[in-house]
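Undergrad: Here you go, one structure.
The values are calculated or read from the model by the stated rules, or taken from the named source; none is laboratory data. Because the structure is predicted, anything quoted here is derived from the model rather than measured. Here the Cβ positions follow ideal geometry from the backbone for every residue, glycine too, while neighbour counts run over all protein chains shown.
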Amino acid sequence: MKLSQWAKKQGISYRTALRWFHGGTLPVEAEQVSTGTIIVKVETVLADKKTALLLGFLHRIRNRISILRSFVLLNLPSKEIIV
């Protein structure tokens, strides 16, 4: 996938993505081919999406545990817990 396509899907400008690429801070693997085109490796993009989904799921679980822990510490009856 071209860097410009990747940037558009991420909701960032091409210039920002290009700056990240040249600065070495692009969050995905990419390489510049002999024509000058920068190619983002699709496998990395798919892995990043799966990682983001997993992290979001774990964050929700952590929040629920935190809420439940708060109710327990406050000694509220469990029937009042809505998560």
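Undergrad: For the range 22-36, enumerate the residues that are exposed (fewer than 10 other Cβ atoms within 10 Å of the Cβ) and either in a strand (DSSP E or B) or touching a Gly at 6+ places or on another chain (Cβ under 8 Å) (or both).
TA: none
Undergrad: Conditions first: (1) more than 14 Å from MET1 (Cα to Cα); (2) at pLDDT below 80. SER34 passes all but one, so which condition is the exception?
TA: Every condition holds for SER34 apart from (2).
Undergrad: How many of the residues making up the range 37-47 are modelled with pLDDT under 95, touching a strand residue (DSSP E or B) at 6+ places or on another chain (Cβ under 7 Å) and not in a strand (DSSP E or B)?
TA: 1
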